[in-house]
Amino acid sequence: MKTTFIFFLCCIFWASSSQAQPVPLKWEPVAPGIWKATIGQPDKVDLLGTAGGSPRQEALQKLGERTFPLQPAGCNAEIRDGKVYLRFPLQEEEQLFGLGLQFKTVNRRGQVLNLHMDHYGGNDNGRSHAPVPFYVSSKGYGVLVNSARYITVYAGTGVRVNSEHPPKVYDRNKDADWSAQPYSDVVEMLVPATGTEVYVFAGNSPMEAVQRYNLFNGGGALPPKWGLGFTHRMPTLSTADQVKAEAGAFKEHGFPLDFIGLEPGWQTKAYPCSFEWDKTRFPDPAGFVKEMQAKGIRLNLWLNPYLSPASSLYESAKPLSGSHTVWNGLVPDLTMQPAQNLYKQLFKKQHIDIGVSGYKIDEVDGFDDWLWPDVASFPSGTSAEQMRQLYGVMMQRATTAWFREKGVRTYGLVRASNAGASSFPYVIYNDYYNHRDFITAMCNSSFIGVLWTPEVRASKTAEEWLRRMQSACFSPMAMLNAWADGTKPWSFPEVEKQVKDVALLRMQLFPYLYTTFSQYYLEGKPPVRAMNLVEGFSFQQQSEKTALDGTNNPYQLALRADVKDQFMLGDDLLVAPMFAGETERKVILPRGKWYDFYTGEYVGSGDVIIAKPGLDKIPLYVKDGGIIPMIPPVLHTPAPGEQLALELRHYGEAESTSLVYDDDGESYGYEQGKYMQYRVAAKKDKHGKWQGQVVTENKPGLKPAYKDIKWRFMTQEQK
């Protein structure tokens, strides 16, 4: 008996010790260029399952097969102390991007991050509105950890004793090159769970890895046409009459406006919320919504999802909610269908069925001192930690589905998102208000399948106001958020004309913007793109004899830096925002010729240039052969059946072809192929004269949105 007991203990010791040994991950292909490995026993609730996206197999097939992009022997995992420890190899000059919506930096190499859903607190430490555990390598692959836990990432910071490529050992007393952070050849992650799934996405470039990631999650969101117009949010306690007057003021001043946001006061109770109209301010909600739509303006409703004790749903929701409240409001367990159904019934009756077009979903991110704590429990058994990582995604999924049942698209705002959410028509926002950091966040959003917008609220000077408005007009949602102080686009009269000009320029660029968003859905290409995703922008390692310096190779030195204050909007347009106090700025141009958007003049190729646009303009550049489709300046995006004149602007010396996308702008018919593309081409005839060609697809039931199509050869006009 004693011998048997000792043998039993030895077996337990052997099993536990063998489990702790790192083992190579076993990869299985799940889609073209995508592999999955499973470690231990994954949680029942995870990121991709919660988002519920369906891979777009046909689009993934078009990208083609790829070989596994990492050394399989270098991808290891072990389970120790009930936690998963992951390890992936790094090469010396490899740069890493992604790992959440951060605001200060783009390159993650050398950072330690705790990916934790939270309001952004001013530091790139992993606490973020979108703590997505997905990183993209400059070598052209991506890695996703499919766990809704607080994951700690050591992005090339820990040096292992058995490293295959150990760092050089320096003596701090004598060597000037000594560093407190030696070179590391590994990414390591700590997942506080008994198991997890890991996905690897291959590509010929970082962009292709991002495309596969987005397409695997259902493709990117295609907003309704009105979503790409201009939006303005009202002060908290506005009335229906004040909203109507505001819309009239926009029209009187000649400013575009497509949808208006109503802040907490539209409902009877807020913080926590009733979700029901306050009849003292909005006596006839259905009539009000209909009247606004007749003016070409949609309505977006602010809410946070915490249910007021004054709500008629309170008693029904109580057994379906968590153990803790937020501002004395219930937190429904949205992993449970009955909890979703309660909200669905109310939201459809009060909002969606009368024509409300979208939501602003607030306060689903943090802070620790008012959100439900990690000691909270939920009736489904989902942990408070997982619920925090997922709540914003669950709200996006549910509300998107309710609009889909009605057959109309929506476009809204949310404070929290995560992996797998690229197909949801929501843009992240927050209370942080740093203009430069807003642009960095837009760059970072492009790696992780989310959208981010740099809203405008207030400014100390007219110059700052204009610069912020210029950036907002080249973001996924052009928004003035005036809920606190009631600012207007014309609040600084000395720059009213310039603000109006850039707002109308966004409207003119609508065909280009809509086509760019169609690529997000069809091809997985994010509409806003960090420069590190752009062809011709990759850093090239120098030989030891050719050191990086600002005299001999300033361009390569610039590429090696954290490029975070310029971005691409679509395939052809480079945006370089200006900030208050600047009269000039550096712009790093990818390889290939580039031209000034406004004039068509050549500006450089693979260069670092100095832009001096003056106060009136935001620097914009078009790559050689770029074709930019534009409509006349309008106050509303095109309505269904409306036809507008189209100007096709060609830049540079290269012959080129392009597509201009269109659909009905409201329904989901495009998912069944009910869309059309104008195939446009700019070529020289045998005499060297530029000629433009347009071939329009004819789709039954679709009326072409553009007429009187004309070409303008911008660079040719300069000669």
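The values are calculated or read from the model by the stated rules, or taken from the named source; none is laboratory data. Computed from a predicted model, the values in this text were never measured in an experiment. Cβ coordinates were reconstructed from backbone atoms using ideal geometry, including for glycine residues, and neighbour counts include every protein chain displayed.
Please indicate, with yes or no, whether at least one residue in the stretch 706-716 is over 24 Å from LEU620 (Cα atoms) and surrounded by 13 or more Cβ atoms within 10 Å (Cβ to Cβ).
Our first condition is that a residue be over 24 Å from LEU620 (Cα atoms); within the stretch 706-716, this holds for 706-708.
Add one more test, that the residue is surrounded by 13 or more Cβ atoms within 10 Å (Cβ to Cβ), and what stays is 706.
Yes, there is a match, as at least one residue in the stretch 706-716 is over 24 Å from LEU620 (Cα atoms) and surrounded by 13 or more Cβ atoms within 10 Å (Cβ to Cβ).
Inside the stretch 73-91, can you point out the residues that are farther than 13 Å from ALA155 by Cα and among the aliphatic types (A, V, I, L, M)? I'd like the intermediate steps shown before the answer.
So the first thing to find is which residues in the stretch 73-91 are farther than 13 Å from ALA155 by Cα, and the list is 73-85.
Once the filter is applied, which keeps residues that are farther than 13 Å from ALA155 by Cα and among the aliphatic types (A, V, I, L, M), the stretch 73-91 yields ALA73, ALA77, ILE79, VAL84.
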Selection from the stretch 464-486 of residues that are part of a loop (DSSP other than H, G, I, E, B) and acidic (Asp, Glu): ASP485
With the condition kept exactly as written, say whether any residue in the stretch 104-121 is at negative phi, among the small types (Gly, Ala, Ser), out of contact with any strand residue (DSSP E or B) (no Cβ under 7 Å at 6 or more places or on another chain) and surrounded by fewer than 22 Cβ atoms within 10 Å (Cβ to Cβ). no
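What tally of residues in the stretch 605-624 results from selecting those that are assigned to a strand (DSSP E or B) and at pLDDT below 95?
Step one: of the stretch 605-624, the residues assigned to a strand (DSSP E or B) are 605, 608-611, 620-623.
Then drop every residue that is not at pLDDT below 95, which leaves 605, 608.
Selection size over the stretch 605-624: 2.
Can LEU635 be described as touching a residue at least 60 places away in the same chain (Cβ under 8 Å) and closer than 21 Å to GLU717 by Cα? Steps first, answer last, please.
On the way: touching a residue at least 60 places away in the same chain (Cβ under 8 Å): yes; closer than 21 Å to GLU717 by Cα: no.
It is false that LEU635 is touching a residue at least 60 places away in the same chain (Cβ under 8 Å) and closer than 21 Å to GLU717 by Cα.
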Which of the residues that make up the stretch 315-344 are within 17 Å of THR400 (Cβ to Cβ) and of a type in the set (S, T, N, Q)? THR335, GLN337, GLN340, ASN341
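Determine whether ARG149 is under 23 Å from PHE537 (Cα atoms), modelled with pLDDT of 95 or more and either assigned to a loop (DSSP other than H, G, I, E, B) or not aromatic (Phe, Trp, Tyr) (or both). It would help to see each step written out before you state the result.
Values: under 23 Å from PHE537 (Cα atoms): no; modelled with pLDDT of 95 or more: yes; either assigned to a loop (DSSP other than H, G, I, E, B) or not aromatic (Phe, Trp, Tyr) (or both): yes.
Considered against the rule, which asks whether it is under 23 Å from PHE537 (Cα atoms), modelled with pLDDT of 95 or more and either assigned to a loop (DSSP other than H, G, I, E, B) or not aromatic (Phe, Trp, Tyr) (or both), ARG149 comes out as no.
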Selected residue (only one of LEU237, LEU190 is in the same structural domain as PHE347 (by TED's automatic domain parsing), not aromatic (Phe, Trp, Tyr) and not in a helix (DSSP H, G or I)): LEU237
Scan of the stretch 425-459 for residues that are more than 10 Å from the chain's Cα centre (by Cα) and either part of a helix (DSSP H, G or I) or free of Cβ contacts under 8 Å to residues at least 12 places away in the same chain (or both), ordered by number: HIS435, ARG436, ASP437, PHE438, ILE439, THR440
So how many residues does the stretch 298-355 have that are aliphatic (A, V, I, L, M), within 30 Å of LYS225 (Cβ to Cβ) and in a helix (DSSP H, G or I)? 3
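What about ASP501, is it among the charged types (D, E, K, R), surrounded by fewer than 23 Cβ atoms within 10 Å (Cβ to Cβ) and within 19 Å of the chain's Cα centre (by Cα)?
On the way: among the charged types (D, E, K, R): yes; surrounded by fewer than 23 Cβ atoms within 10 Å (Cβ to Cβ): yes; within 19 Å of the chain's Cα centre (by Cα): no.
Taking the combined requirement at face value, the residue does not satisfy it.
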For the stretch 337-355, which residues satisfy the criterion of being buried (at least 17 other Cβ atoms within 10 Å of the Cβ) and within 25 Å of ALA376 (Cα to Cα)? ALA339, GLN340, LEU342, TYR343, LYS344
If I filter the stretch 560-587 down to residues being of a type in the set (A, V, I, L, M) and modelled with pLDDT under 95, which single residue comes out as nearest to SER446 (Cα to Cα)? VAL563
Within the stretch 364-379, is even one residue buried (at least 24 other Cβ atoms within 10 Å of the Cβ), out of contact with any strand residue (DSSP E or B) (no Cβ under 8 Å at 6 or more places or on another chain) and under 17 Å from PRO332 (Cβ atoms)? no
Scan the stretch 54-73 for residues that are in contact (Cβ under 8 Å) with a residue 60 or more places away in the chain, surrounded by 13 or more Cβ atoms within 10 Å (Cβ to Cβ) and touching a strand residue (DSSP E or B) at 6+ places or on another chain (Cβ under 9 Å) and report the count. 6
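Say we look at the stretch 400-424 and pick out the residues that are aromatic (Phe, Trp, Tyr) and not in a helix (DSSP H, G or I); which of these is nearest to ARG212 (Cα to Cα)? Lay out the reasoning, then the answer.
Keep residues of the stretch 400-424 that are aromatic (Phe, Trp, Tyr), which gives 402-403, 411, 424.
Those still in the list that are not in a helix (DSSP H, G or I) too: 411, 424.
Values: TYR411: 23, PHE424: 17 Å.
Ranking the candidates gives PHE424 first.
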Among (1) touching a helix residue (DSSP H, G or I) at 6+ places or on another chain (Cβ under 8 Å); (2) without any contact (Cβ under 8 Å) to a residue 40 or more places away in the chain; (3) in a loop (DSSP other than H, G, I, E, B), which single condition is LYS525 missing? (2)
Give the residue that is surrounded by the most Cβ atoms within 10 Å (Cβ to Cβ), with candidates limited to residues of the stretch 254-276 that are out of contact with any Phe, Trp or Tyr (no Cβ under 7 Å at 6 or more places or on another chain) and not in a loop (DSSP other than H, G, I, E, B). ILE260
Which one of the conditions (1) modelled with pLDDT of 95 or more; (2) over 24 Å from the mean Cα position of the chain (by Cα); (3) not assigned by TED's automatic domain parsing to the domain that holds PRO476 does TYR555 fail to meet, given that it meets all the rest? (1)
